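Quick note: the coordinates plus some simple rules give every number you see, no bench work behind them. Remember, it's a predicted structure, so these values are computed and weren't measured experimentally. Glycine also receives a Cβ, built like all others from the backbone with ideal geometry; neighbour counts cover every protein chain displayed.
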Amino acid sequence: MIEFTKRRACTAIAAVGLIAAGPVGAQDDPLKVGLLLPFTGQYAWVGENVQPVARMIAEEVNTSGGIGGREISFVQGDTEGVVDAGTTAAQKLINVDNVMALVGPTSLSFSGSKNLIIDNGVPMVTPTAGTTELDRACRDVCFRTVPSDALGGRAIARAATDAQYLAEGASTWENPVLMVAQSPAMVSFLEPIERSFADYGTEVARVIEFTPGKPSYRAEVQEALGANPDGIVLVAAPEDSARVMTNAFQSGYDGDWFVTQDQTNADYIDLASAELVEGIYGLEEVASEEGQALNRAFEERYQDYAGEEVKIFGTNTYDAMNVVALAMLSDHMDDGEITRATLAEHIRAVSDPGEDKTQVTSYTEGKQALQAGEKIDYRGLVGPIDFDDWGNIAAPFGIRQVQGGAWSTVAVIPAAALD
Amino acid sequence: MIFVQTLVYGLALGGVIAVSAVGLTLAYGVTRFINFAFGEFLTLGAFFCLLLAQAGLGLAWAGLAAAVAVGAVGVLVERAFYDPLMSRGLLPLLVTSVGVAFVVQNLIRIFAGSNPVRFPLPLMRPIEVGGLFIPREQLIILGVALVTMLAVHLLLRFTMLGKKMRAVADDPMLARVAGISSRRVLDATWFVSAMIGALGGILLAITQITVAPQMGWHFLLVVFAAVLLGGIGSPYGAMIGGLLIGLAMELGATYVAANYSYAFAFIMLILVLILRPRGLMGGSG
Amino acid sequence: MDLIAFATGLVSLALVYGLLAIGLNLQFGFAGVINFGYVAFFAAGAFASAIVTLPAPGTEAYLDASARYQIGLGLPVWSGFLAAGLAGGLLALFIGAVSARLATHYLAVATFAMAEVVRSVLGNETWLTRGEFGISNVPQPLGEVFAPESYALFYLALTAVVVGLIFAALRHLGEAPFGRLLRAIKDDELSARVLGKRTARAKLRALAIGGAVGGVAGALWTHSLGVIHVGQFVPIVTFQVWLAMLMGGTGNHWGAMLGAFVLVAIREGTRFVGEVPGLDQIAASNPSFLPSLRFVLIGLLLIAVVRFFPGGLLPERRRRAPATPGTSPASPAPARPVAPDAPALEVISLRKRFGGLAAVDNANFAIRRGSITGLIGPNGAGKSTMIDLLSGVQRPDSGTIRLAGEEITGLAPEQIADRGLGRTFQTPRLYPSMTVWENLMVAGMPQPNETLRAGFLRSGAHREAEVQAALRADTVLTELEVPHMRDELAGTLSGGQRKLLSLGRLMMRDPPVMLLDEPAAGVNRRLAGDLFDRITKLNRQGTTFLIVEHEMQLVMRYCDHVIVMHQGRVLAEGTPAEVRANADVIEAYLGGAVA
């Protein structure tokens, strides 16, 4: 019964897809990619930010003839920002929709879906889970295009304690305070930041953890200001960050701020107001000095595609989806088939560095190279995308600052500087 | 100094809670159930206000218009979903209100998306008085809260509608016998309740700077605490309860542990209820 | 496509929710406790079981998993389940004790708040729970024996066995006198108390069992996932359990279980909303569209189920009384020792004020053992208040009440009932959702049979007592000439029948002193005469009566002593004839409202 209705529904969708996609025909089943992300609840914005970028790449793939004639399509698996729902969503994606790969999950849902992902051997490339819990959690099938919070935290501490990475004429922080929201995606920054500051010879004066989603953070801000900080590192979702910064402003604070990748985007300036965020520092994953040109090109392309600015996780998703698409193509060209088991190997094949490899930065480039019989090494927006044994990436970080109402890069910390 | 500063912050937060709580408790008076969809009136209020402000209306006018619109939604919701179940007791209404909350919240998300949006109030420097920082936003909030509560007071004391509402709240049976519990009183109460909820939502948006589809649902628990603390159905109790909860949250967060500040609100509620099982103004029978 | 794996996961989930729903059902559907913090027991059980069974820090297993939690006891999984039950039960006892005085909304929100406090603690005390990181190495029982694909099936079987056992035990308990008492409490707690029932204790027990069941559900769930995270225990879980129970039908464990399956079907079934042709295109441009639409649907389905299935999908069936075993006549209730000279009931300087009004103002009287005493007076004279004071429903401000020479002033209703005083209410307070037979059985069941232990293990003595009660119920039904009404719901009886049943319940207990508040009001004349004939008969067998009655004809004919109250005082007393001739009485009646 379910079998029947599902097949009918699939045909219907394929039909709609056909009409939508125009002349490009897709005779076979689509290649399904599961978006295991929150689309409702407190973290609904994560799914909302990831999906359009993933879709943009999928359209790039599909309009160029798909992969072996098959189109990439997406199935949403709403984790609702709740552990249990994340588990059932993963069950449906993996067992019913038979997705070939997962994009996602977030730090929160990873705990509940980890066993399912490993047991079923579904390749997972997450643009959204920086949690240190994933640093050593799963081999072979887990990859992420977001550096571990351990690295991001280290980069923040490094920049704040070394004037060469700050804006011209700025002095290093002597008395930093750390404010961290209590959510799975945020708390994993806490320990790395605190430890790294100590490693670089500056003690964090005070660490304040706070409940996310509160209407205001006046008590927390008062506590922070009580330590007379010259800079505050703030790790929280955009909403909460805007509240904390506004409350601090209202309490007369005019010292420095450092925010994580989540806030280092144009959206956050709109959300928190340009006046408030002028001069704050932010973090961005970059491939290299020259990689920044790619980032700007992506921003333009996305603006054209979606009519909005790149949001949080946009660049990470771009890389995750390119890796998935290229791995599918590579897998298909290998033996004409694409399976979960072989896909994971091809994810490494298209992203690992190598002497004899052609470096590519997009699906179209990669496709041309592969069809020319070359081996490829995908280099992304957030770094060279070279996965270690546990699927982690290391990346240089761009230190950015809001200047005149827009983010500009003031320095790049090479990956080697974070040892 | 920190203590006085905390009091100022607590009062402002309490003002937001109090306004919302008054709205919730008014509807309780005539319908006798806790409306889990009340948070959505807050959210709707904030979003309508945002929408109208973006369309070019002044913020104050946008707020008023939004409140009236949400009042109408309140009457609609009551007629469509609650009224048919009115005779079936507490729990069916309660479950229905959870369903209504799901529906409204997610309809908002379909149209507004999930990313938080800034509430269009410009950033303002705080007023500094002898080392105290008084945010201008909080003055606005306190002002609106005071005016709202005064208006509710006048409505209940001096208008025919207010008297009827109180009569129904005191003893629905008796009021019905006296021919009061008419459709019109019910509608009017829901209108006023939802309207005040919308105002609470706008104040909440000013407090938390951003607007998002789940804002009201999240805030609802604190509003419940205030309503219960004051005694269900008592508007004056709700005002006091709101202010007390706001103060408890800020004082607890400042002096004990910031990440337990919601817990303080609830612990305070539980303690009060142990001593007075029907809240501060809930009477004894 | 692996539908078996998918179904396995969902059925396990539904069973766990079903277990939660029957746990809550025991608390609400039976005992009427509105608990909106149920998720706290789920959380307590899950964390207790996880912490008890996690490999201890420093052990090989701990290091292999590169775990980082601080506390793990490394005990076997079965001990985790025990710990979970214990944790849930103890937490429930605590919450029950704290919130004992609260009712309806206050109880709902207070329990809700307590669950949030529990969650706050679990989230903040990272040494115990690792807070927002969670713990991802929770051991899975026999995990090493099975391959991952078959493990889910094994765990489903394990879940089914555990849930099945608990389900059977709770059903058994629900049909036992303990369960019957709980349902009576839900219907009308005060009325159970004046029948001598220890309702507070029974409710606390129901709470504790419900909490323990929630705890075990937590253990089942955490070992099935292999991870534990404080984010699993958000208030929405409580809502879902409530929805499952209400959709299924309260007071009915099969219904609660069915409700859980329907809930999971709705929750997960709506994930397929994207398969509807045409929606796909909207979804492409609006990522929030399908997920939000799904919740709109969930909301609408909830509203529809509540509106169109008032009693739940599987409404509670009316219970049929079992055939009475044996034919031996009911043995008479045991005689009570009484001080031979003391009056049956004695009231000295009794006062009770409500605000500015003195409802009972220095009342004094005594009631002779073996009499039928009428208590009359104009409206507002304080008669009903007097009955409330005598039965402990209200506490006097001052004064003394003695029952057979023993002081009972200020005792709780159930204590007074135990000392041999029974009462009825002016508006009969029956258990409307229970049958006539069940109403009688609740009243007649001796306390030792209503304990938890007796609910599970019935000794010979318990069984004998139950047979006796059933025989008595038959006798009472026959005496009241309504044996055909045995299986009618009390809520469907007519006014007169309710009065009869009120008296019947007292007859089950056969207390030496009965206070009847207007037993004949609203009863037709013929039935009223029958009723008083029955009272006379009971009186001849030794029962003392105090009867509030407006119908003067009945008072004159049946009472051998009359007390007249006026404005809270005893205006006159004596034989009916004396009272009728008393000038003050005539003045009071003519001066006041017509009685």
Length gained when the stretch residue C:524-residue C:398 is fully extended (0.36 nm per residue, less Cα-Cα span): 41.5 nm
Top positive-direction residue, dipole computed over the protein assembly as shown with Cβ charges, set B:92, C:192, B:31: C:192
The residues C:16, B:19, sorted from fewest to most surrounding Cβ atoms within 10 Å, come out as C:16, B:19
Using the Cα centre as the reference, give the magnitude of the dipole from point charges on the C-beta atoms of segment A:67-192 (Lys, Arg: +1; Asp, Glu: -1; all else neutral), rounded to the nearest 20 debye. 280 debye
Per the helix-only model, chain A has a calculated mean residue ellipticity at 222 nm (DSSP H runs of ≥4, -39500 (n - 2.57) each, divided over all residues, rounded to the nearest 500) of -13500 deg cm²/dmol
Just how large is the dipole of segment C:3-308 about the Cα centre, in debye to the nearest 20, putting +1 at every Lys and Arg Cβ and -1 at every Asp and Glu Cβ? 1200 debye
Pair residue B:163, residue B:86: separation of 7 Å Cα→Cβ label points (nm): 2.2 nm
For the peptides B:51-61, A:38-48, A:409-419, what is the packing order when you average, over each peptide's residues, the other Cβ atoms within 10 Å and list the highest mean first? A:38-48, A:409-419, B:51-61
Please report, to one decimal in angstroms, the Kirkwood hydrodynamic radius of segment C:345-591 built from all distinct Cα-Cα pairs. 18.9 Å
Hey, what's the Kirkwood Rh for segment C:72-185 if you take every pair of different alpha carbons, in angstrom? 17.8 Å
Pull out a ≥ b ≥ c, the square roots of the eigenvalues of the alpha-carbon gyration tensor of segment B:85-155, then state rounded if a/c is under 1.5, prolate if not and a/b is larger than b/c, and oblate in the remaining case. oblate
With r as the distance between the Cβ atoms of residue B:4 and residue B:54 and R0 = 35 Å, compute the FRET efficiency 1/(1 + (r/R0)^6) and round to 0.05. 0.40
Could you work out [θ]222 nm for chain B from helices alone, using -39500 (n - 2.57) per DSSP H run of at least four and dividing by all its residues? Round to the nearest 500 deg cm²/dmol. -25000 deg cm²/dmol
Need the list of aspartates and glutamates near residue A:357 for cross-linking: C-alpha distance under 14 angstrom, and skip anything on the same chain fewer than eight residues off. A:365, A:374, A:377, A:386
Once Lys and Arg are counted +1 and Asp and Glu -1 for all other residues with Cβ under 13 Å from that of residue C:547, the total becomes 0
Cβ-based charge dipole, chain B, positive-most Cα from B:59, B:49, B:279: B:279
With Cβ to Cβ distances under 13 Å as the rule, what net charge do the other residues near residue A:309 carry (K, R +1; D, E -1)? -3
extent check for chain A: Cα max minus min per principal axis, descending, whole Å, gives 65, 49, 38
Which ³J(HN,Hα) values in Hz, rounded to whole numbers, follow from the phi angles of segment C:101-114 under the Karplus curve 6.51 cos²θ - 1.76 cosθ + 1.60, where θ = phi - 60° and Gly and Pro get x? 8, 8, 10, 5, 4, 5, 5, 4, 6, 5, 5, 3, 4, 5
Starting from the Cα of residue A:311, draw a straight line to each of the aspartates and glutamates and keep only those under 12 Å, dropping any in the same chain fewer than 8 residues away. A:48, A:262, A:267, A:270, A:299
Quote the relative contact order of segment C:62-194 in percent (integer), defining contacts as alpha-carbon pairs under 8 Å separated by 6+ residues. 23 percent
Just the C-alpha atoms of the protein assembly as shown: what Rg/Rh do they give, with Rh taken as the Kirkwood radius? 1.04
Note on the protein assembly as shown, DSSP bridge orientation, antiparallel percent to nearest 5 equals 45 percent
Computed on alpha carbon atoms, what radius of gyration and Dmax characterise segment C:3-308, expressed in Å? 20.2, 67
I'd like the antiparallel share, as a percent to the nearest 5, of DSSP beta bridges with both residues in chain C. 60 percent
Nearest 10, in degrees from 0 to 90: the angle of helix B:136-158 to the longest Cα principal axis of chain B is 20 degrees
Charged-residue dipole, Cβ positions (Lys, Arg, Asp, Glu), chain C about Cα centre, Debye nearest 20: 760 debye
Using eta = 0.692 mPa s and T = 37 °C, Stokes-Einstein with Kirkwood Rh from Cα pairs puts D for segment A:172-286, in µm² s⁻¹, at 234 µm²/s
Among A:271, A:343, A:166: highest mean-square fluctuation, GNM of chain A, C-alpha pairs under 10 Å: A:271
Which whole-number percent of Cα pairs in chain B have a distance greater than 23 Å? 53 percent
Charge sum, other residues only, whose C-beta stays under 11 Å from residue B:169's C-beta, Lys/Arg counted +1 and Asp/Glu -1: +2
For each of B:3, A:143, count neighbouring Cβ atoms within 10 Å of the residue's Cβ, then give the residues from fewest to most. B:3, A:143
Principal axis dimensions, segment C:395-479 - Cα atoms, whole angstrom, descending: 44, 29, 23
Per residue of chain C, what 222 nm ellipticity follows from adding -39500 (n - 2.57) for every DSSP H run with n ≥ 4, rounded to the nearest 500? -17000 deg cm²/dmol
Got a sec to turn the phi values of segment A:408-419 into Karplus ³J(HN,Hα) couplings, 6.51 cos²θ - 1.76 cosθ + 1.60 with θ = phi - 60°, whole Hz, x for Gly and Pro? 10, 7, 9, 6, 10, 9, x, 3, 5, 6, 9, 6
Report the Cα-based extents of chain C along its three principal axes, largest first, to the nearest Å. 95, 56, 56
Shape of segment B:95-236 from its Cα gyration tensor (a ≥ b ≥ c, root eigenvalues): rounded if a/c is under 1.5, otherwise prolate when a/b > b/c, or oblate? oblate
Looking only at lysines whose Cα falls under 16 Å of residue C:186's and that sit 8 or more positions away or on another chain, we get C:197, C:203
If unit charges are put on Cβ atoms (+1 for Lys and Arg, -1 for Asp and Glu) and the dipole of segment C:409-548 is taken about its Cα centre, the option from C:494, C:478, C:416 lying farthest towards the positive end turns out to be C:416
For chain C, what is the relative contact order in percent, using Cα pairs closer than 8 Å and at least 6 residues apart in sequence? 17 percent
quick note, segment C:345-591, DSSP beta bridge pairs, % antiparallel (nearest 5) is 55 percent
Give me the one-decimal nm value for the distance between modelled label points at residue B:154 and residue A:390, 7 Å along each residue's Cα-to-Cβ direction. 6.5 nm
